[in-house]
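I have placed the structure first, in the form of structure tokens, so that the comments after it can refer back to it.
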Amino acid sequence: MMPEYAPYASFTTLAQGLAQLAAGNGSSIYQMQLDSAPFECGSSNSTSTYLNTLEVLVAVSCGDGVEITDSVTELQEYWTELSSISSFADAMIWVRATCAGWKVHREDRFLGPVSGNTSFPLLFIGNTADPVTPLASAKKTSAGFPGSAVLTLNAPGHTSFTASSTCIQS
């Protein structure tokens, strides 16, 4: 799991890797990004696998999402807006840039809006330092559901599951 998604679970490893990197040894940081044993064509080693996680993410994000036809200028404007609400704008802009011009879209894909009246009030939980879904997004989504509320968790990481909180757990 990437440290920015679950900083409490992987901070020690990340901190040690960064300290080694500062001393000129990047092997621990490199190892952190490896998901499995390296893929080798024709290998008889059954543990060698090819993970197509990135390809799946791109296909689902682009194929099921809103069609993006942004120009380079529009992508730059989007990045500027995104960077005002997330410190991970540099890491997240690649999804939109990758999907710009994507040609295959399911006709029955959900295009929103994400809003409506519900039988019961909804509770949205937003972390103050979530690199993927910023607190501002929880507030924006909550605005589309009358009677809903946002519980703010003062913690880093992606989603409330990555930070320990007795308030959230109960």
Label-point separation in nm, LEU82 to ASP64, each point 7 Å along Cα→Cβ: 1.8 nm
Value of relative contact order over segment 51-138, rounded to a whole percent, pairs C-alpha under 8 Å and six or more apart: 35 percent
Segment 90-153 - percent relative contact order, Cα under 8 Å, separation 6 or more: 34 percent
Lys, Arg +1 and Asp, Glu -1 on Cβ, resulting dipole of segment 51-170 about Cα centre, debye, nearest 20: 340 debye
Modelled FRET efficiency - R0 25 Å, MET32 with LEU75, Cβ distances, 0.05 increments: 0.30
Label-point separation, ASN25 to LYS140 (7 Å along Cα→Cβ), nm: 4.3 nm
Under the Debye formula (equal points on every Cα, no solvent term), log10 I(q)/I(0) of segment 69-144 at q = 0.20, 0.23, 0.28 Å⁻¹: -1.06, -1.14, -1.21
Simple spin-label estimate for THR152 and CYS167 in nanometres, 7 Å along Cα-Cβ: 1.0 nm
Whole-percent carbon and sulfur share, accessible surface of segment 86-127, 1.4 Å: 61 percent
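The values are calculated or read from the model by the stated rules, or taken from the named source; none is laboratory data. Treat the numbers as computed from the prediction; the structure is a model and nothing was measured. As a convention, Cβ positions derive from the backbone with ideal geometry for all residues, glycine included, and neighbour counts pool all protein chains shown. Just the protein is used for accessible areas: all its heavy atoms, side chains included, with ligands, DNA and RNA removed. Shrake-Rupley method; radii C 1.70, N 1.55, O 1.52, S 1.80 Å.
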